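The values are calculated or read from the model by the stated rules, or taken from the named source; none is laboratory data. Everything quoted here is computed from the prediction, not taken from an experiment. As a convention, Cβ positions derive from the backbone with ideal geometry for all residues, glycine included, and neighbour counts pool all protein chains shown.
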Amino acid sequence: MSIRGFHSAVRPALLLLILSAASLPAAGPAIVLNVDATDVPRKVIRVHMEMPVQPGKLTLYYPKWIPGEHGPDGPIANLTGLVMKAGGKTIAWRRDLLDVYTFHVDVPEGANVLKVSFDYLEPAGPGGGPCTARGSATGKLAVIVWNQEVLYPAGWRADELLYKPTLQLPEGWQYGTPLAVEHASGNRIEFKPVSLERLVDSPVLSCEYFQAVDVTPPGEPIHHEIDLAGDSRAAVRMSPELRQHYTNLVAESGKLFGTRHYRDYHFLLTLSDHVAHFGLEHHESNDSRVPENGLTTGRVRMASLLPHEFVHSWNGKFRRPADLTTPDYEQPMKTDLLWVYEGLTDYLGPVLTVTQWVVDS
Ligand SMILES: [Zn+2]
């Protein structure tokens, strides 16, 4: 994560890090997830899910502890209109008395599928509070943050639950994401089945003026691109010089880390004065949001943002302090090694920031 004013002291590194469980195969129930974002310019996202169930008591969670945000800040207050159906009937659900992120339901005899629907309401503007709970959409663009659009059953790790996601975007909007696409037709995208862990770690950036810029260095086998969304066509226009700087960044990161630990990499960059401004790391992407002039007159202010979030793909995602690595989003994260997670990144990020300019001079 990177927000203005956040700095961590970097101490001599005692790196008690473990490998993320991102690559383990899913073994839990396969859940159908349909996200209708056609009304996102009006701040409404409609969610429909179908999950295999057995009769009896079932507990569902809305993601609470959000990776990279290091706190229990899932935007539960923005979830509304929750309806559950089984066996052709609407069934009652009950909110847990101690945890607002937990829902209890009794699946009736004879039912083997639970249908869940709800709306996610986007904040009206940039808003306050934690990162992704703040504004993520305007009339021209949206960041689809999957942890806001799912419930998941208790009793499974996030890497065991398999989701089959589809996404409908406003007509004519294009998109970028590290998710693998199974099929796309018109404004409807069907993604390949993916674990809940990888889904939550793979946002979708979409925009009427969407642009994808290839920043893969010559000879580099792994594809890297910057996906741009802005409130105007001018906002997403990247100069050849700037493109070269980011290509340098990718080249130098390869020399720094010695190998690649992802399938390909997407810098998801939002340029808007009407969304929250921050950066949030993911394994194969980062969700970074800056003012509309971020590629022009505001360039210097955001110069170190993408390098910081890019470093997090290695320090924070590929390698992570053990007690920040939780099996699902209900278990609390312990942050005693956050100084490694953020501090080392705050050291290596500026080092790579400088290489953007000097490597080709
Ligand atoms: Zn950070």
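Within region 283-298, identify whether any single residue is within 16 Å of the ligand (Cβ to nearest atom), under 26 Å from GLY128 (Cβ atoms) and surrounded by fewer than 22 Cβ atoms within 10 Å (Cβ to Cβ), and answer yes or no. Spell out how you get there, then give the answer.
Pass one, region 283-298, residues within 16 Å of the ligand (Cβ to nearest atom): 283, 285-290.
Now narrow it down to the ones that are under 26 Å from GLY128 (Cβ atoms): 285-290.
Those left that are additionally surrounded by fewer than 22 Cβ atoms within 10 Å (Cβ to Cβ): none.
No.
For the condition within 16 Å of the ligand (Cβ to nearest atom), part of a helix (DSSP H, G or I), surrounded by 22 or more Cβ atoms within 10 Å (Cβ to Cβ) and modelled with pLDDT of 95 or more, what is the one hit in LEU268, LEU306?
Just one listed residue meets the conditions, LEU306.
Can you confirm whether GLY279 is over 21 Å from the mean Cα position of the chain (by Cα), small (Gly, Ala, Ser) and either away from the ligand (no atom under 16 Å from the Cβ) or closer than 26 Å to PRO63 by Cβ (or both)? Don't jump to the end; show me each part of the working.
Working: over 21 Å from the mean Cα position of the chain (by Cα): no; small (Gly, Ala, Ser): yes; either away from the ligand (no atom under 16 Å from the Cβ) or closer than 26 Å to PRO63 by Cβ (or both): yes.
No: the conditions fail for GLY279.
Identify, please: which residue in region 43-63 is among the charged types (D, E, K, R) and over 15 Å from ARG134 (Cα atoms) and is, among those, farthest from the chain's Cα centre (by Cα)? Give the steps one after another, and end with the answer.
Start the filter on region 43-63 by keeping residues that are among the charged types (D, E, K, R), which leaves 43, 46, 50, 57.
Cutting the leftovers down to over 15 Å from ARG134 (Cα atoms) gives us 46, 50, 57.
Values: ARG46: 18, GLU50: 22, LYS57: 31 Å.
My answer is LYS57.
As an exercise: evaluate PRO178 against (1) touching a His at 6+ places or on another chain (Cβ under 8 Å); (2) assigned to a strand (DSSP E or B) and give the number of the one condition it does not meet.
Failing condition for PRO178: (2).
Against the conditions (1) of a type outside the set (Asp, Glu); (2) part of a loop (DSSP other than H, G, I, E, B); (3) within 14 Å of the ligand (Cβ to nearest atom); (4) touching a Gly at 6+ places or on another chain (Cβ under 8 Å), where does HIS274 fall short? Just the number, please.
(3)
With the requirement that a residue be within 19 Å of the chain's Cα centre (by Cα) and either at positive phi or within 12 Å of the ligand (Cβ to nearest atom) (or both), what does region 325-361 give you?
TYR341, GLU342, THR345 - these are the residues of region 325-361 that are within 19 Å of the chain's Cα centre (by Cα) and either at positive phi or within 12 Å of the ligand (Cβ to nearest atom) (or both).
Across region 51-72, what is the number of residues that are within 16 Å of the ligand (Cβ to nearest atom) and out of contact with any strand residue (DSSP E or B) (no Cβ under 6 Å at 6 or more places or on another chain)? If you could, list the steps in order and put the result at the bottom.
Kept after step one, since they are within 16 Å of the ligand (Cβ to nearest atom), are these residues of region 51-72: 66-71.
If we keep only those that are out of contact with any strand residue (DSSP E or B) (no Cβ under 6 Å at 6 or more places or on another chain) too, we end up with 66-67, 69-71.
Qualifying residue count, region 51-72: 5.
Which members of region 224-241 meet the condition of being part of a helix (DSSP H, G or I) and touching a strand residue (DSSP E or B) at 6+ places or on another chain (Cβ under 9 Å)? So that I can check it myself, show each step before the final result.
Taking region 224-241 and keeping what is part of a helix (DSSP H, G or I), we get 234-236, 240-241.
Scanning region 224-241 gives ALA235, VAL236.
Name every residue in region 200-216 that is part of a strand (DSSP E or B), out of contact with any Lys or Arg (no Cβ under 7 Å at 6 or more places or on another chain) and crowded, with 24+ Cβ neighbours inside 10 Å, in order of residue number.
Within region 200-216, the first condition is being part of a strand (DSSP E or B), and the residues that meet it are 204-207, 211-214.
Add one more test, that the residue is out of contact with any Lys or Arg (no Cβ under 7 Å at 6 or more places or on another chain), and what stays is 204-206, 211-212, 214.
Matches in region 200-216: VAL204, LEU205, SER206.
So that you can scan it fast, the table gives a plain yes or no per residue for (1) surrounded by fewer than 18 Cβ atoms within 10 Å (Cβ to Cβ); (2) touching a residue at least 24 places away in the same chain (Cβ under 8 Å):
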| site | (1), (2) |
| --- | --- |
| SER117 | yes, yes |
| THR138 | no, yes |
| GLN148 | no, yes |
| ASP159 | no, yes |
| GLU182 | yes, no |
| GLU197 | no, yes |
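Counting just the residues of region 221-253 that are within 21 Å of the chain's Cα centre (by Cα) and farther than 25 Å from GLU208 by Cα, which one comes out surrounded by the fewest Cβ atoms within 10 Å (Cβ to Cβ)?
My answer is ILE222.
Name the residues in region 273-293 that are closer than 22 Å to GLU208 by Cα and either aliphatic (A, V, I, L, M) or touching a Lys or Arg at 6+ places or on another chain (Cβ under 7 Å) (or both), would you?
Going through region 273-293, the residues closer than 22 Å to GLU208 by Cα turn out to be 273-279, 285-293.
Scanning region 273-293 gives VAL275, ALA276, HIS277, PHE278, VAL290.
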